[in-house]
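These notes are about the structure you will find just below.
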């Protein structure tokens, strides 16, 4: 059976007002109705109902506006996160087995993953550094990802083998990052949180590989929770 639709609110108000007019005897005399309008009480009731409806309509509209702004803000955050992981993926796809020297002349491996005081960081050499201006420089670039003051930072150096005055260019990728975790996989899917493995049986099982097979990056965001991605290295 088809469900009966409820009366519209404006029709209910009209019926109430008409019954109120009939109760005052105004419908018994057409001339009296033509010469007499609504009473003050009727006008107050109508204005009160209109005020309540207006408040309800405004509240509903305000809720819709707030919800829309919240959804747009979350969508912008999601797009920012996607752009960050796209950049990270592009860097890891271009990883090369090319060691470098730091500003003190010490050798650094093609990939260097550290985990000190529960703080993870990774540094590696990548190719595919675009050169739209045709500057005289290498197409390889040294980059690093680390956590500083609840911010995910990407660092890049203008040269591979650094001098004492070589300073990295830092870019803030994400804010509100509570934790950064980086794990490295070898060809046998064994996992370590530093690269190259420092010592022990795990280091021996990894052998003398300069690059891991894959790298997993996980970030804990304050408002989104944990997000992790696994990047398979082409040259690993």
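The values are calculated or read from the model by the stated rules, or taken from the named source; none is laboratory data. Because the structure is predicted, anything quoted here is derived from the model rather than measured. Here Cβ is always computed from backbone atoms with ideal geometry, including for glycine, and neighbour counts include all displayed protein chains.
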### Task
Go through (1) under 30 Å from residue 158 (Cα atoms); (2) at pLDDT 80 or above one by one and return the number of the condition residue 118 breaks.
(2)
### Task
Consider only pairs whose beta carbons are under 9 Å apart and that are at least six residues apart or on different chains; among these, list those whose first residue lies in the range 204-226 and is under 16 Å from residue 183 (Cα atoms) and whose second residue is assigned to a strand (DSSP E or B) and modelled with pLDDT under 90.
217/120
### Task
Inspect all residues belonging to the range 91-102 and state whether any of them is more than 27 Å from residue 213 (Cα to Cα) and either at pLDDT 90 or above or over 15 Å from the mean Cα position of the chain (by Cα) (or both).
no
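To keep it simple, each residue is scored yes or no on (1) surrounded by fewer than 17 Cβ atoms within 10 Å (Cβ to Cβ); (2) touching a strand residue (DSSP E or B) at 6+ places or on another chain (Cβ under 7 Å); (3) not assigned by TED's automatic domain parsing to the domain that holds residue 83.
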site	(1), (2), (3)
116	yes, no, yes
152	no, yes, yes
155	no, yes, yes
158	yes, no, yes
169	yes, yes, yes
### Test: residue 189 is under 30 Å from residue 75 (Cβ atoms), modelled with pLDDT under 90 and exposed (fewer than 11 other Cβ atoms within 10 Å of the Cβ)
no
### Task
Give the residue that is farthest from the chain's Cα centre (by Cα), with candidates limited to residues of the range 134-157 that are within 23 Å of residue 211 (Cβ to Cβ) and outside any strand (DSSP E or B).
138
### Query
Does residue 166 satisfy the criteria of being closer than 24 Å to residue 214 by Cα, more than 27 Å from the chain's Cα centre (by Cα) and outside any strand (DSSP E or B)?
no
### Task
Kindly list the number of the only condition in (1) closer than 29 Å to residue 230 by Cβ; (2) in a helix (DSSP H, G or I) that fails for residue 128.
(2)
### Query
If you check 188, 90, 145, which single one turns out to be without any contact (Cβ under 8 Å) to a residue 40 or more places away in the chain, under 29 Å from residue 226 (Cβ atoms) and touching a helix residue (DSSP H, G or I) at 6+ places or on another chain (Cβ under 8 Å)?
188
### Task
Go through 84, 66 for me and flag whichever is outside the structural domain of residue 166 (by TED's automatic domain parsing), closer than 30 Å to residue 212 by Cβ, part of a helix (DSSP H, G or I) and at pLDDT 75 or above.
84
